[in-house]
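Presented below is the structure to which this report refers.
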Amino acid sequence: MKAKHIQHVYRRIGFGILPSQLNKLSKESKKKIVEHIFKTSQSFKALKVDTSEITDVFVTSMNGKKLEPEVRQKIQKISRQKQIELNIAWIDRLATSEQVLREKMTLFWANHFVCEDNNIVYIQKFNNTLRKHALGNFREFVNAISKEAAMTKYLNTKQNKKQKPNENFARELMELFTLGEGHYTENDIKESAKAFTGYSHNLNGDFVFRKRQHDANNKTFFWQNG
């Protein structure tokens, strides 16, 4: 395969290629190079920074002990520093990892499933969910994203209860994440929102389904009732 073609491929699926790698791959066929790219990105390896200092405080809080204001401030300070560490670790992986396709697609999905949070525990979990599903089944991917603590906070799914459904996540799910504007009705949004009632998480960012807050009645979605 010609060097210029290999360079083009690696610019598209990654962030370029080193001269030493280029020389090595230029002797291979197009098929072998493509197989190599997918093979090296098959496995999932989580990106982690140490958040134990924060999770220990979460455990204390779950044991019924109220967090003092100064402790909360300390946690916020640690979280900000850990976010910087996670950013640096990801940039380093983007530049050096052999799993170039998985990391490039993780970055792609981060710009698709738009989300924001200031808790490093939730940020890290969300980032690794993007990474885990980056090359997998889209249905499973969307289901996993809907249960992420960062997403349930960002689009108010935690406030989505059967007595008063919140439509923020349901609307973004269809408008931005899946179908695109004009391919659904306002009623589809309302019914979809009811389906996500009861979605929440605990302090550690693990998904929690609050059954009492869930609307278990039948819903009509895209002309189907169930």
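The values are calculated or read from the model by the stated rules, or taken from the named source; none is laboratory data. Bear in mind that the values here come from a model prediction, so they are computed numbers and not experimental data. For neighbour counting, all protein chains shown are included, and Cβ atoms are generated from backbone atoms with ideal geometry for every residue, glycine included. Just the protein is used for accessible areas: all its heavy atoms, side chains included, with ligands, DNA and RNA removed. Shrake-Rupley method; radii C 1.70, N 1.55, O 1.52, S 1.80 Å.
Data table
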| read-out | value |
| --- | --- |
| Calculated from backbone phi, Karplus (6.51, -1.76, 1.60) coupling profile of the range 120-136 in Hz, x at Gly/Pro | 4, 4, 6, 4, 5, 4, 4, 4, 6, 5, 4, 5, 4, 9, 4, 10, x |
| Under 5 Å, built H, 5+ apart or other chain: amide partners of residue 201 | 208 |
| Theoretical ellipticity at 222 nm over the chain - DSSP helices of four or more residues, -39500 (n - 2.57) apiece, nearest 500 | -16500 deg cm²/dmol |
| 140, 103, 181, 175, ranked by accessible area, largest first (probe 1.4 Å) | 181, 140, 175, 103 |
| Degrees between helix 30-40 axis and first principal axis of the chain (Cα, 0 to 90, nearest 10) | 40 |
| Calculated FRET value between residue 91 and residue 223, using beta carbons and R₀ = 45 Å, to 0.05 | 0.45 |
| Nonlocal amide H pairs with residue 161, under 5 Å, H built at 1.01 Å | 166 |
| Accessible area (Å², 1.4 Å probe, nearest 10) - residue 186 | 100 |
| Projected-area average for the chain over all orientations - Cα convex hull basis, square nanometres | 15.7 |
| By accessible area with a 1.4 Å probe, ligands and nucleic acids excluded, highest first: order of 72, 139, 171, 212 | 212, 139, 72, 171 |
| Within the range 199-224: backbone nitrogen closer than 16 Å to the residue 162 label point (7 Å, Cα to C-beta) | 199-200, 209-220 |
| Stretchable slack from residue 209 to residue 39, in nm (0.36 nm times residue separation minus alpha-carbon distance) | 57.6 nm |
| Rough spin-label spacing in nm, given labels placed 7 Å along Cα→Cβ, for residue 143 and residue 78 | 3.5 |
